[in-house]
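Some notes on the structure that comes next.
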Amino acid sequence: MRTPMIAGNWKLHKTCSEAVELVEALKQAVADAADVEVVVAPVFTALTSVAASIDNSNITLAAQNCYPQESGAFTGEVAPSLLKDAGCSYAIIGHSERRQIFGESDEFINQKAHALAAADLGTIFCIGETLEEREADRMYDVLRRQVRLGLKGLDTAAMASVVVAYEPVWAIGTGKTATNEQAQEVHAFLRALLKELYDENVAAATRILYGGSVKPDNVDGLMTQPDVDGALVGGASLKADDFARIVNFQSL
Ligand code: PGA
């Protein structure tokens, strides 16, 4: 019942013309992909150009961030409704780079989750533990806190537009992927947590993506795990061939 999602987080890469070139190549390469939702998240300045390129394709658009206010004196920020206006279907929130480099708190991320729900925009909600937290046996406490506070106050209806992305911080951009078993163990924990916080239906319907050094050569094993519903891909999403191979994963 959960359609897999493969989302490419382009981070701070690509000019407008480079972004269009990449998505044009990707469009060809994933044209036949069925039963999988393909998402790309370019930088803000390339959103409208990429939106024009993917019109009438099977690729949808996400922003990498948003600000939890609709308008006002917030220099440099972008509101959910403006992202929607630019052609986005989703925004990524809670990415570990935003938590770590920009000091974003669970409470601030929660405000963004509410703002996205109010704007009727889908949310890709990222969580993940650091290596230190995992080694100190605090991983599940951290993940529980991130989910509880990040999704606080979102009702069951709002959860229909939320995709959770589990991204262990130690696996992001390091070439170190969680093993299939490590990913499955955490995803099963997260699904049980959604059942505890919401109900069986929300737990069964919510997609939980894995992120952290997903590549063409490890995606198949990850996607074979019963609770892994897709991938949030950084580095490998910048090459059309690699990303297309990930989109066309083979469940073993
Ligand atoms: P990576 O990034 O695939 O380069 O590890 C993943 C992410 O940060 O979403």
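Based on this model, can you work out whether residue 74 counts as loosely packed, with under 14 Cβ neighbours inside 10 Å and either in contact with a His (Cβ under 6 Å, 6 or more places away or on another chain) or of a type in the set (Phe, Trp, Tyr) (or both)? Answer is yes for this residue. Of the listed requirements (1) open to solvent by 20 Å² or more (accessible area, probe 1.4 Å); (2) in a helix (DSSP H, G or I); (3) closer than 17 Å to residue 235 by Cα, residue 17 misses just one: (3). Looking at segment 194-206, can you tell me whether even one residue there is within 16 Å of the ligand (Cβ to nearest atom) and either under 13 Å from residue 226 (Cα atoms) or free of Cβ contacts under 8 Å to residues at least 40 places away in the same chain (or both)? Within segment 194-206, none of the residues are within 16 Å of the ligand (Cβ to nearest atom) and either under 13 Å from residue 226 (Cα atoms) or free of Cβ contacts under 8 Å to residues at least 40 places away in the same chain (or both). Only one of the listed residues (34, 41) is buried (at least 18 other Cβ atoms within 10 Å of the Cβ), within 30 Å of residue 226 (Cα to Cα) and not polar (S, T, N, Q). That residue is 41.
Results for (1) of a type in the set (Asp, Glu); (2) open to solvent by 20 Å² or more (accessible area, probe 1.4 Å), shown as yes or no for each residue.
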{"position": "67", "(1), (2)": "no, yes"}
{"position": "83", "(1), (2)": "no, no"}
{"position": "87", "(1), (2)": "no, yes"}
{"position": "100", "(1), (2)": "no, yes"}
{"position": "107", "(1), (2)": "yes, yes"}
{"position": "110", "(1), (2)": "no, yes"}
{"position": "118", "(1), (2)": "no, yes"}
{"position": "123", "(1), (2)": "no, no"}
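Based on what the data block shows, is residue 112 more than 22 Å from residue 183 (Cβ to Cβ) and under 18 Å from the mean Cα position of the chain (by Cα)?
Here the answer is yes, as residue 112 does meet what is asked.
With the checklist (1) part of a helix (DSSP H, G or I); (2) under 30 Å from residue 13 (Cα atoms) in hand, flag the one item residue 213 doesn't pass. The one condition residue 213 does not meet is (1). For segment 183-206, the criterion of being part of a loop (DSSP other than H, G, I, E, B), open to solvent by less than 40 Å² (accessible area, probe 1.4 Å) and out of contact with any strand residue (DSSP E or B) (no Cβ under 8 Å at 6 or more places or on another chain) is met by none of the residues. Select from segment 207-228 the residues that are open to solvent by 10 Å² or more (accessible area, probe 1.4 Å) and within 14 Å of the chain's Cα centre (by Cα) and write down the one among them that is nearest to the ligand (Cβ to nearest atom). By that ranking, first place goes to 213. Find the helices (runs of 4 or more DSSP H) located wholly in segment 62-135 whose residues include 1 or more that are without any contact (Cβ under 8 Å) to a residue 24 or more places away in the chain, and list them. In segment 62-135, the matching helices (runs of 4 or more DSSP H) lie at 80-85, 96-101, 131-135. The set of residues from segment 139-182 being in a helix (DSSP H, G or I) and among the β-branched types (Val, Ile, Thr) comprises 142, 147, 156, 169. Cβ-Cβ distances below 6 Å connect the following pairs, each with a first residue in segment 228-245 that is in contact (Cβ under 8 Å) with a residue 24 or more places away in the chain, a second residue that is of a type in the set (Gly, Ala, Ser) and surrounded by 21 or more Cβ atoms within 10 Å (Cβ to Cβ), and a separation of six or more residues or different chains: 228/183; 232/7; 232/165; 232/211; 233/8; 237/8; 243/8; 243/237. Does at least one position in segment 62-70 carry a residue that is more than 16 Å from the ligand (Cβ to nearest atom), touching a Leu at 6+ places or on another chain (Cβ under 8 Å) and under 30 Å from residue 48 (Cβ atoms)? Scanning segment 62-70, I find at least one residue that is more than 16 Å from the ligand (Cβ to nearest atom), touching a Leu at 6+ places or on another chain (Cβ under 8 Å) and under 30 Å from residue 48 (Cβ atoms), so the answer is yes. Going residue by residue through segment 142-154, is there one that turns out to be within 26 Å of residue 235 (Cα to Cα) and open to solvent by 30 Å² or more (accessible area, probe 1.4 Å)? Scanning segment 142-154, I find no residue that is within 26 Å of residue 235 (Cα to Cα) and open to solvent by 30 Å² or more (accessible area, probe 1.4 Å), so the answer is no.
The values are calculated or read from the model by the stated rules, or taken from the named source; none is laboratory data. Treat the numbers as computed from the prediction; the structure is a model and nothing was measured. As a convention, Cβ positions derive from the backbone with ideal geometry for all residues, glycine included, and neighbour counts pool all protein chains shown. Just the protein is used for accessible areas: all its heavy atoms, side chains included, with ligands, DNA and RNA removed. Shrake-Rupley method; radii C 1.70, N 1.55, O 1.52, S 1.80 Å.
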